[in-house]
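Student: I have a structure I would like to understand better, so I am pasting it below and will then ask my questions one at a time.
Bear in mind that the values in this text are calculations on the coordinates, not laboratory data. From a predicted model like this one, the values you see are computed outputs, not experimental measurements. Please note: Cβ atoms are built from the backbone with ideal geometry, for glycine as well, and neighbour counts cover all protein chains shown.
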Amino acid sequence: MKIHGSHTMAAPRAAVFAAICDPDALLGVIPGCRAIEQVGDAEYRGEISLRLPGVVGTYRTVVRLLEADPPAYGRLEGQLDGSLGTVTGQATFRLTESGDRTTIDYEGNAVIGGPLARLDARFAEGLAGSLVKQGLRNLSTRLEADPPAGAASGRRQPTREIPA
Amino acid sequence: MTVKAYRLPRSLPEALGLLEEHGPELLVMAGGTVAMPLINEGISLPEAVMGLRLAGLDGLERTGDRLRIGATATLTQLLNQDAVPMLREAARNTASWSIRNMGTVGGNLFTPPPGGDVAVALLALDASVTLASTRGDRVLPLADFLTGFMRNELAEDELLVEIGVPIRSEATAYLKLGRKHANTPAVVTVAVRLEWRRERVADARIALGAVGPHAIRAREAEALLIGTTLEAEAIAAAADAATQGCEPFTDGISTEWYRRRMVGLFVRRALEQLTPGTREGGR
């Protein structure tokens, strides 16, 4: 399953990057996210419940930030694990700033296992794409409504390599 | 393990109570035409299922200038009403007799494309949906309810209970292209409603099915029609805008390329049906 896309929001790049790494922000942004906690320097665990037509389920999730160049780039890997199967994948995202707007370009690749894998690939891709878009819309709403104080933009920090 | 409990509430308060008690793990089922195949094939493994067929949500009645459709009214009930002809046409073009006897109007709003043809008509008709929970009811335009592929505004503790449709007298057009004449998923579905003022289009609704993550409105095409007399150039411009503005996909029924071509053609045909002089008399 492959997904990719792009989303522009009226918020500085540093604020967008900070929100992507902030469990409190993510809890309000990820569709169906019921709990999330940071368990390591770059590792998050959480619980996501999805209520879809004909399918319900709660999934445990683990996400690790593998590589980060704040506030421009990140690469992460993740796993969703529930009664209907597992989804494991990797994704990269790039943030580019233009004036007071930030565009996030993302690309991901995932493998589905278990009963969920018998769903038509178009369904899995359509659903994953919709969830990401909805999450990014929620993120823009959050950042545009409540800009974090002192969110400096454009300051480059050295690339951080995080051991898996 | 699969289904351990099947709950069959006899009223809406009972249904909302069960939803609150079980939370999002409760699979809500109306007609079962989407859920049952998934359960039978072992793709969906819910432990608890709530059937809504006896919850008293299957009314379909005309109240003043609105048609109130209970969420579990069947597609056959929709086919048998005559207050809104476009909905009859949409029901007639959906699935087969046996599926229409089971499938519900509310359930159709949750069916992923290329299914969900009734939603296309409801969008063109400016339908609204009522969402109920133990916290109270809220009413949303259908256009705001649909948010993504199998995604919508329904909160975890809410049920879709009613669909409201304004009853108007304007002529409408509903066209569905499938690979067969009947009982077929859509290549594309087009629903159009126009409001006229002194021989010019005062307002327009063009809704499209099977060419996006859910039933969508072709808003740019709609805007291009306002103020025109629906002359050939206006129709061509609107068809072009609808073609550009949609997001078709490839599946077992059609390719993305073919769907995009057919959007333009069917928007044009639907608008031509509504052109003064050739109007087919408000079916």
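Student: What is the average number of partner chain Cβ atoms found within 10 Å of a Cβ in B:40-52?
Tutor: That average works out to 4.
Student: Using a Cα-Cα cut-off of under 16 Å, which lysines could be cross-linked to A:K133, ignoring same-chain neighbours fewer than 8 residues away?
Tutor: Cross-link targets: A:K2.
Student: Which ³J(HN,Hα) values, rounded to whole Hz and listed in residue order, are derived for the range A:17-25 from phi using the Karplus coefficients 6.51, -1.76 and 1.60 in 6.51 cos²θ - 1.76 cosθ + 1.60 with θ = phi - 60°, glycine and proline given as x?
Tutor: Per residue, the Karplus-derived 3J(HN,Hα) values read 4, 4, 5, 5, 9, 10, x, 5, 5 Hz.
Student: For the modelled label position 7 Å from the Cα of B:V139 along Cα-to-Cβ, which residues of the range B:58-79 have backbone nitrogen atoms closer than 13 Å?
Tutor: Within reach of a label on B:V139, which here means backbone N under 13 Å from a point 7 Å along Cα→Cβ, the range B:58-79 contributes B:63-69.
Student: Right, something else. With axes computed from alpha carbons, what is the tilt in degrees of helix A:121-145 against the longest principal axis of chain A, rounded to the nearest 10 within 0 to 90?
Tutor: 30 degrees
Student: Given bins 5 angstrom wide, list per bin the percent of all Cα-Cα distances in the range B:172-273, short to long.
Tutor: 2, 15, 26, 25, 15, 9, 5, 2, 0, 0
Student: Could you work out, residue by residue across B:17-24, how many beta carbons of other chains sit within 10 Å of that residue's beta carbon, and then give the average as an integer? Please report the intermediate quantities before stating the final value.
Tutor: Details: counts 0, 0, 0, 0, 0, 1, 5, 8.
Mean inter-chain Cβ contacts per residue within 10 Å come to 2.
Student: Starting from the amide H of B:R66, placed 1.01 Å from N in the peptide plane, find each other amide H under 5 Å away whose residue is 5 or more places distant or on another chain.
Tutor: B:I167
Student: Then there is this: If you bin every alpha carbon distance in the protein assembly as shown into 20 Å steps from zero, what whole percent lands in each bin?
Tutor: Pair shares across the bins are 24, 53, 23, 1.
Student: Would you tally the net charge around B:D144, using a Cβ to Cβ cut-off of less than 12 Å, leaving B:D144 out, and scoring K and R as +1, D and E as -1?
Tutor: Value of the local net charge: 0.
Student: Using amide H atoms built 1.01 Å from N in the peptide plane, name the residues 5+ places from A:L66, or on other chains, whose amide H lies under 5 Å from its own.
Tutor: It is A:R75, A:L76, A:E77, by chain and number.
Student: Tell me the mean residue ellipticity at 222 nm calculated for chain B from its helices only (DSSP H runs of n ≥ 4, each -39500 (n - 2.57), averaged over every residue, nearest 500). Numbers along the way, then the final one.
Tutor: Details: 11 runs with 92 residues, N = 283.
After summing the helix terms and dividing by residue count, I get -9000 deg cm²/dmol.
Student: Suppose every K and R has +1 on its Cβ and every D and E has -1 on its Cβ; what is the size of the dipole of the range B:190-283 about the Cα centre, in Debye to the nearest 20? Before the final figure, lay out the partial values.
Tutor: On the way: 14 positive and 13 negative charges, 48 e Å.
In debye, rounded to 20, the range B:190-283 gives about 240.
Student: What is the order of B:W196, B:W97, fewest Cβ neighbours within 10 Å to most?
Tutor: B:W97, B:W196
Student: At a threshold of 8 angstrom on Cα-Cα distance, excluding pairs fewer than six apart, so keeping six or more, what relative contact order does the range A:2-145 reach in percent?
Tutor: So the answer I get is 29 percent.
Student: Just need log10 I(q)/I(0) for chain B at q = 0.14, 0.16 Å⁻¹, Debye formula, equal scatterers on the alpha-carbon atoms, no solvent, rounded to two decimals.
Tutor: For chain B at q = 0.14, 0.16 Å⁻¹, log10 I(q)/I(0) is -0.99, -1.24.
Student: Now for a separate question. Quick one, what does Rg over Rh come out to for the range A:2-145 if you take C-alpha atoms and the Kirkwood Rh? Please report the intermediate quantities before stating the final value.
Tutor: On the way: Rg = 14.8 Å, Rh = 15.6 Å.
We get a ratio of 0.95 for the range A:2-145.
Student: Hey, another quick one. Using a 10 Å cut-off on Cβ to Cβ distances, tally the other chain neighbours for every residue of A:54-64 and report the average as a whole number.
Tutor: 5
Student: A further question follows. What is the order of B:D65, B:D251, fewest Cβ neighbours within 10 Å to most?
Tutor: B:D65, B:D251
Student: How would you rank B:T74, A:T86, going from fewest to most other Cβ atoms within 10 Å of each one's own Cβ?
Tutor: So the ranking, lowest neighbour count to highest, is A:T86, B:T74.
Student: If Lys and Arg each add +1 and Asp and Glu each add -1, what is the summed charge of the other residues whose beta carbon sits under 12 Å from the beta carbon of B:G70?
Tutor: Result for the neighbourhood of B:G70: -1.
Student: Here is a follow-up. Quick one: what are the phi-derived ³J(HN,Hα) couplings along the range A:61-66, Karplus 6.51/-1.76/1.60 with θ = phi - 60°, whole Hz, x for glycine and proline?
Tutor: Using θ = phi - 60°, the values come out as 9, 10, 10, 10, 7, 8 Hz.
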